[in-house]
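See below for the structure under consideration.
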Amino acid sequence: MNATSQPGAPIAIGSRLELLVDDYLIEQMRGGAALHLHQPVLREVVMRTDEPWEGNACLYSSIFQDGALYRMYYGTQQYDMGEGVMTYPHPGFLCYAESADGIHWRKPALNRVEFNGSTQNNILRLVSDRGDPALIDDTHVAVFKDTNPHCQPEVRYKALARGKNPLGLYAFGSANGIHFTRLRGQPILTQGYFDSLNLAFWDGSRGEYRAYLRDFDGGVPDGVRGILTATSQDFIHWTEPTWLRYPDAPIEQLYTNQIQPYARAPHIFIGFPMRYVDRGWTAQTDFLP
């Protein structure tokens, strides 16, 4: 199968690597050759979120390799259920961990945010003031290292964070991946509901930033949860988001998207969305731990 106008002509891919996820580059397979999707193998636990400020819920995470270091940014939350009423003993936090091998992680004391009278914790807050008018949600944050060759060093690390006043995604930048500054007072993207992990990255193959966002196709709350995408040249001004479409596929509600360029062939994007099945709210839901 090929996409050229001449039947049987080879598809020119130059020297780039290609990922065989379908039969686009395969004309035929013989001798038992077949495409096979391998299953991941569960391994040991590499990090426990058991600190008092982390709580009983580990939320969205961003993990990437940065030279000899692996960086992890993850949201935490404490849920308490008493007599069927959910309460939050402390606000959700954005925390930071790092590793030399991606297996053994440490939580450095950042000395930035006080919790129970001490700053000896790994809480990383994007804004220093909890009374910030944008109401930044620290548990809905995606961080990445900008590989744009024209990126300024002082904003080499970037973050998208959900804000609630007004509702939208706010842009942050950092020189060291720890101390972030808001890049614009107002949200850079406002079309969407954003109640999930909304992420962005630099697309080196096409020379643009790409963002993937959560919204309801058909409106909140009765629409179908789906994924929007938008592009930008400067990370501040974005095109109008458009829906991802899946021809000939059944309608599925997708909660997260986890879309990234494939490391060995970055012109191809790979996504690992989490499917959502709405079973309704029942009395038993109120007694979840």
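Can you list, largest first and rounded to whole Å, the semi-axes you get for segment 1-136 by taking the square root of 5 times each eigenvalue of its Cα gyration tensor?
Numbers: eigenvalues 440, 69, 62 Å².
Here the semi-axes work out to 47, 19, 18 Å.
For segment 30-87, how big is the tail of P(r) above 16 Å, as a whole percent of Cα pairs?
On the way: 1139 of 1653 pairs.
So the pairs more than 16 Å apart make up 69 percent of the total in segment 30-87.
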Space enclosed by the convex hull of the alpha-carbon atoms of segment 52-131, per residue, Å³
115 Å³
Candidates Thr76, Thr139, Thr49: whichever shows maximal mean-square fluctuation once the chain is modelled as a Gaussian network with Cα springs under 10 Å
Thr49
What percentages make up the Cα-Cα pair-distance distribution of segment 89-129 when the bins are 10 Å wide from 0?
27, 50, 20, 2
Just the accessible area for Asp50, please: 1.4 Å probe, Å², rounded to the nearest 10?
110 Å²
How large is the Rg to Rh ratio of segment 143-276 when both quantities use alpha carbon positions and Rh follows Kirkwood?
0.97
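Å³ per residue of the Cα convex hull, for the chain?
Numbers: hull volume 56.7 nm³, N = 289.
Per residue, the Cα convex hull of the chain comes to 196 Å³.
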Tell me the carbon and sulfur percent of the accessible area for the chain, rounded to whole percent, probe radius 1.4 Å.
53 percent
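Based on Cα coordinates alone, diagonalise the gyration tensor for segment 87-219, multiply each eigenvalue by 5, take square roots, and list the semi-axes in whole Å, largest first. Please list the in-between numbers first.
On the way: eigenvalues 117, 89, 41 Å².
In descending order, the three semi-axes are 24, 21, 14 Å.
The values are calculated or read from the model by the stated rules, or taken from the named source; none is laboratory data. Bear in mind that the values here come from a model prediction, so they are computed numbers and not experimental data. Surface areas here come from the heavy atoms of the whole protein model, side chains and all, with no ligands, DNA or RNA. Shrake-Rupley method; radii C 1.70, N 1.55, O 1.52, S 1.80 Å.
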